[in-house]
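Take a look at the structure below.
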Amino acid sequence: MNLKTKINLGFLAMLLLVLSIGGYAYYSLRQLDRSSRDVLKANLYSVNLGLQMLRSLDQLARQPLADTAGTARFVAALREEGRNVTEPGEQQLVDECWQLTQQLQRRQQQARRPARPQSAAAEGVSEPFALGELTYRMMALNTDALNRKTEAANQRADQANRNLLIFITLAVLLALALVGSVPEAAVQPLRKLTAALNHAIERDFSASIPQESHDEFGQVARAFNRMLGQLREYRTSTEAELITERNRAASIVNTLDEGLLLLDETRRILLANPVMCELLALPATQLVGRPAATVRLENDLFQAMLRPLDAPNREAAVAEAPLLHITQRGEEAFYRLAVQDLVSFNEATEKTEFVGHILTLRNVSDFKKLDQVKSNFLATVSHELKTPLSSINLNTKLLQDERLPADERQRVTGYIRQETQRLQRMVGELLDVSRLDAGAGIQLDVRPTDLSDVVRFATATVQPQLADKQLRLDLHLAPTLPAVRADVEKTTWVLINLLANAIRYSPAGEFLTVRVGRAGAFVQVSVQDRGPGIAPEHHEKIFQRFAQLPDPSGYRGGSGLGLSIAREFIGTQGGRLWVESELGSGSTFRFTLPAAG
């Protein structure tokens with residue numbers, strides 16, 4: 001990050017903090033203003049209405065039955081109060097006032113009638129006093145609410161003041177941090193540059209500037225250091241150049257991923273890179289400078305490396321030398337030995353002279369593994385092809401016998417058809433793999449598919465195999481399964497392949513469980529067997545091509561392609577195929593397909 005960006009980020013942080021303080025202050029003021037407005041509208045207005053009602057009652061108390069103007073003013077104030085009810089219990093007081101007011105108005109109407117006796121005037125004197133008491137209670141209720149809300153507003157104001165003080169303190173601390181760091185960040189590199197320039201003026205070109213950052217000062221430091229390097233090159237002698245070249249060559253040798261050993265013409269060890277030291281299990285201090293004849297007596301691997309040098313025909317001995325088998329950190333590795341002669345042209349004698357040997361050990365473990373995979377594949381395919389071909393050949397000879405009954409011919413023909421389908425399936429797997437390796441991809445016919453039909457077809461297909469091993473199939477289909485987006489043919493192939501594997505590794509008389517259910521936006525299918533199980537470290541290996549796992553029962557397995565192709569089919573349709581298993585607990589293969597809806 002360059003210095004300009006750092007300064008901009010600092011000021012941006014300061015600006016954000018200032019904006020936060022301003023925004024919070026504005027928000028607090030708005031809240032306080034809203035609270036005060038609510039108090040004025042809700043409670044203070046009710047108190048003022050109560051005062052108006054009391055004034056009307058004072059006038060009405062003189063002539064309760066004759067003063068209709070005072071009653072009208074009281075009713076108008078009471079009606080406004082009814083529209084401004086905000087506190088619990090206030091509505092009940094207003095309702096009681098209305099009842100007394102209506103009672104007073106009825107008496108006033110009766111008093112104005114000619115037939116009304118004069119003694120009835122005294123009966124209406126009690127209402128104004130009762131209304132006054134209710135009005136005082138209403139005013140007291142709003143006054144208490146006004147005091148309570150004022151106290152709450154004061155508390156919010158105090159809290160806002162404390163928060164603003166915290167924000168201001170943070171802003172001050174950030175500003176102090178920027179004031180203390182930004183000038184120092186700008187001045188400190190200038191001091192280093194000034195010191196380096198003073199050394200350069202004194203012809204000391206070794207005082208370079210440390211490249212501690214990638215900002216503008218770091219660029220200046222790199223440019224200045226490059227200038228110092230060029231100045232040093234101008235002043236270096238031939239010996240210094242040789243040392244530099246030697247160090248450069250040593251760094252190249254040390255970073256090689258191959259083991260390298262350098263011998264002089266007397267077979268004294270001149271150089272051993274870290275990889276070679278690790279392979280020999282000896283530090284460089286116990287190798288460099290020592291005669292090879294001494295070290296070979298102490299190290300078997302070194303003895304094997306020097307053996308081709310002692311042979312009469314060294315080229316043939318190196319070419320025919322077996323791979324060196326080395327165990328590193330618990331893993332087996334194979335290395336190929338290569339020997340090269342070092343020659344140098346002597347200008348004095350104008351002849352090429354022998355100056356030593358270079359021995360290298362190249363890790364060829366990956367090639368060895370590929371070769372082993374190829375051998376295993378050829379052996380597996382040969383075995384898988386030989387069995388059905390032998391069966392076809394035998395059954396064909398039986399068909400040539402004219403004495404064979406018709407029903408027996410049908411049975412033999414069925415065997416031939418079964419073995420032919422087995423060969424076709426294996427050839428199809430090999431063709432699928434070849435198309436995938438060639439980058440042709442998988443051609444899919446994806447459409448909404450009822451997975452229940454696929455499961456029923458696949459389980460019906462393997463019924464003869466289930467009956468042959470006396471296995472029972474336990475099928476669990478969810479009652480409401482959505483359609484999935486899938487290629488029917490390839491999905492059926494995957495499920496049949498998983499069922500065939502489960503049948504192959506299940507003991508006779510056991511259960512096979514197939515479950516189909518909803519899993520979020522997918523539909524999941526699982527095939528569970530009760531076979532020997534698979535160790536966790538082999539869960540991914542079984543999906544690799546040509547993978548063969550050790551089987552205590554002696555079964556060699558198929559071509560090692562079925563699960564690999566099945567994962568390709570499911571993955572291309574937008575799903576996933578995996579295994580859950582432990583040794584001795586059986587295996588459960590699951591795959592998902594996206595729901596169509």
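The values are calculated or read from the model by the stated rules, or taken from the named source; none is laboratory data. This is a predicted model, so every value here is computed, not measured. When we count neighbours, we look across all protein chains shown, and the Cβ atoms used for this are built from the backbone with ideal geometry, even at glycine.
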*Listed residues Leu261, Leu270; which is in contact (Cβ under 8 Å) with a residue 60 or more places away in the chain and in contact with a Phe, Trp or Tyr (Cβ under 9 Å, 6 or more places away or on another chain)?*
Leu261
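Tell me which residues, restricted to the range 462-518, are of a type in the set (Lys, Arg) and over 16 Å from Gly586 (Cβ atoms). Spell out the reasoning first.
Going through the range 462-518, the residues of a type in the set (Lys, Arg) turn out to be 469, 472, 485, 490, 504, 515, 518.
Passing the criteria: Arg485, Lys490, Arg518.
Considering the range 183-198 alone, what residues qualify as being among the β-branched types (Val, Ile, Thr) and either modelled with pLDDT of 70 or more or in contact with a helix residue (DSSP H, G or I) (Cβ under 6 Å, 6 or more places away or on another chain) (or both)?
Applying the first criterion (among the β-branched types (Val, Ile, Thr)) to the range 183-198 yields 187, 194.
Residue satisfying the conditions is Thr194 alone.
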*Can you tell me which residue among Ala317, Ala304 is touching a Leu at 6+ places or on another chain (Cβ under 9 Å), without any contact (Cβ under 8 Å) to a residue 12 or more places away in the chain and on the phi < 0 side of the Ramachandran plot?*
Ala317
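Against the definition (in contact with a Leu (Cβ under 8 Å, 6 or more places away or on another chain), at pLDDT below 75 and among the aliphatic types (A, V, I, L, M)), how does Ile201 come out, yes or no?
It is false that Ile201 is in contact with a Leu (Cβ under 8 Å, 6 or more places away or on another chain), at pLDDT below 75 and among the aliphatic types (A, V, I, L, M).
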*Working only within the range 575-593, note down all residues that are touching a Phe, Trp or Tyr at 6+ places or on another chain (Cβ under 8 Å) and either assigned to a loop (DSSP other than H, G, I, E, B) or polar (S, T, N, Q) (or both).*
Gly575, Ser587, Thr592
*Please go through the range 65-110 and pick out each residue that is under 60 Å from the mean Cα position of the chain (by Cα) and hydroxyl-bearing (Ser, Thr, Tyr).*
Thr86
*asked:* I'm told Asp341 meets every condition in (1) part of a strand (DSSP E or B); (2) within 19 Å of Val364 (Cα to Cα); (3) of a type outside the set (Phe, Trp, Tyr) except one. Can you identify the failing condition by its number?
replied: (2)
*asked:* Between Leu78, Leu49, which is touching an Asp or Glu at 6+ places or on another chain (Cβ under 7 Å), under 14 Å from Thr135 (Cβ atoms) and not in a loop (DSSP other than H, G, I, E, B)?
replied: Leu49
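Collect the residues in the range 345-366 that are free of Cβ contacts under 8 Å to residues at least 24 places away in the same chain and either surrounded by 12 or more Cβ atoms within 10 Å (Cβ to Cβ) or aliphatic (A, V, I, L, M) (or both), keeping them in residue-number order.
Going through the range 345-366, the residues free of Cβ contacts under 8 Å to residues at least 24 places away in the same chain turn out to be 345-353, 366.
Hit for the range 345-366 is Ala348, nothing else.
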*asked:* Condition first: at pLDDT 80 or above and either hydroxyl-bearing (Ser, Thr, Tyr) or surrounded by 13 or more Cβ atoms within 10 Å (Cβ to Cβ) (or both). Now tell me which residues in the range 398-408 satisfy that.
replied: Glu408
_From the options Ala61, Ala69, Ala76, Ala13, residue that is within 30 Å of Ala145 (Cβ to Cβ), modelled with pLDDT under 80 and not polar (S, T, N, Q)_ = Ala61
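Restricting the search to the range 129-154, which residues are within 60 Å of the chain's Cα centre (by Cα) and either surrounded by fewer than 15 Cβ atoms within 10 Å (Cβ to Cβ) or of a type in the set (Phe, Trp, Tyr) (or both)?
Step one: filter the range 129-154 for residues within 60 Å of the chain's Cα centre (by Cα), giving 142, 144-154.
Answer for the range 129-154, where residues must be within 60 Å of the chain's Cα centre (by Cα) and either surrounded by fewer than 15 Cβ atoms within 10 Å (Cβ to Cβ) or of a type in the set (Phe, Trp, Tyr) (or both): Asp144, Asn147, Arg148, Thr150, Glu151, Ala152, Asn154.
Which of the residues belonging to the range 545-597 are at positive phi and modelled with pLDDT under 85? Outline the logic, then answer.
Restricting attention to the range 545-597, the residues satisfying the condition of being at positive phi are 546, 554, 557, 560, 574, 584, 586.
Once the filter is applied, which keeps residues that are at positive phi and modelled with pLDDT under 85, the range 545-597 yields Phe546, Gly554, Gly557, Gly560.
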*State whether the residues of the range 289-299 include one that is outside any loop (DSSP other than H, G, I, E, B) and among the acidic types (Asp, Glu).*
no
*Odd one out for Arg336 among (1) modelled with pLDDT of 75 or more; (2) charged (D, E, K, R); (3) farther than 22 Å from Arg267 by Cα*: (3)
